Amino acid sequence: MADVFRFFRGQDYGVRGAFALDAAAKSGSASEDSPADWKFSLQGRAVQIHRWDLTERADNPRLDLRWKGRWFPTDGRVSVEEMVLGSPKSNLRGTATLTTVPATGFSIRVDSAGIQASDLLAWYRAFQPGVADGVSAEQYFTGGAALGGWPLKLESAAFSSAGGKITIPGFAAAARVGAVRGGMEKNAFVIEPLAIFWSGDTGEKSGARKNPETPKGKAAPANSVAIGMRYDFDDHEGSVTLSGQTEKTDDVLAAAAALGKQLNRGWEWKGQTIANLRRERTRAA
């Protein structure tokens, strides 16, 4: 894959793996009123995808690509009537159009997408060192999207998930992940707060606390975090929010280390923590 990037982009992006492509094209018959078009099919495979300085693993990501469509040379148009992108447990299906006359433009439509969290974790593990072997994720996301123009711009999107769980070594039970949904609202991409709950040794004893953002005063678990995001494509501004609480802060530090993010180096933080953070990205003047 390093050679593929060097060939098309002229530089090495630090991605390793093997890539193969099979292509076939067939010209139709032409007449005075109907110039010939071309039918084509592409099948691509990329395996053992990982960061250049990490060793190969059996669970490294794999991608399979299949395109079928027509090329109309006189119109300067390529129509992809079948577009499939798949990985071991996920797939995206849709259509695409490329025009070069009078100007270059793309139109990509993902009609259906089903993505397993285990595939997302495999991508994360392939590029993030230090992820513990026992970390696993189970959650299924569905949705669709449309992109257009050149450069490509996200025009519409919607996705949702009913919830799932994350297993981390050293924790007695898996963390529960709540339902989530997101997508485009006007011209902003929004992910509603995603809640994660986990048990702790002192969580049941101390009871639940009142979370001011919980609807109708409903009690929130003693160990939970909610993360949300918003990005406005018109203003090029956005924000990320995080709110939560834990009875044992060292549990959070241990979970971060298992995910390859060692937050505490030479120091410890024990006891209860309550956080309500917001980070904003504003367009430079």
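The values are calculated or read from the model by the stated rules, or taken from the named source; none is laboratory data. Please read these numbers as outputs of a predicted model, since none were measured by experiment. Ideal geometry is used to build each Cβ from the backbone, glycine not excepted, and the neighbour counts take in all protein chains shown.
Looking at the structure I just gave you, is VAL135 farther than 16 Å from ASP59 by Cβ and not assigned by TED's automatic domain parsing to the domain that holds ALA255? So VAL135 fails the test. Considered as a group, the residues in the range 221-275 that are of a type in the set (Asp, Glu) and in a strand (DSSP E or B) include one that is nearest to the chain's Cα centre (by Cα), and that residue is ASP232.
For the range 222-270, a residue qualifies if it is without any contact (Cβ under 8 Å) to a residue 24 or more places away in the chain, surrounded by fewer than 17 Cβ atoms within 10 Å (Cβ to Cβ) and not charged (D, E, K, R), and the qualifying residues are ALA256, LEU263, ASN264, GLY266, TRP267, TRP269. Residues that are modelled with pLDDT under 95, among the polar types (S, T, N, Q) and not in a loop (DSSP other than H, G, I, E, B): does the range 181-188 have at least one? No, the range 181-188 contains no residue that is modelled with pLDDT under 95, among the polar types (S, T, N, Q) and not in a loop (DSSP other than H, G, I, E, B). For the range 149-165, residues that are over 27 Å from SER107 (Cα atoms) and without any contact (Cβ under 8 Å) to a residue 40 or more places away in the chain total 3. Consider the range 189-203. How many of its residues are exposed (fewer than 14 other Cβ atoms within 10 Å of the Cβ) and either farther than 17 Å from THR246 by Cβ or modelled with pLDDT of 50 or more (or both)? Result for the range 189-203: 0.
Could you grab me the full set of residues in the range 60-92 that are in contact with an Asp or Glu (Cβ under 6 Å, 6 or more places away or on another chain) and among the charged types (D, E, K, R)? Show your work before the answer.
At the first step, the residues of the range 60-92 found to be in contact with an Asp or Glu (Cβ under 6 Å, 6 or more places away or on another chain) are 68-70, 72, 86-87, 89-90.
Across the range 60-92, the qualifying residues are LYS68, ARG70, LYS89.
Consider the range 204-246 and keep the residues that are modelled with pLDDT under 65 and among the hydroxyl-bearing types (Ser, Thr, Tyr). The one that is nearest to LYS153 (Cα to Cα) is THR214.
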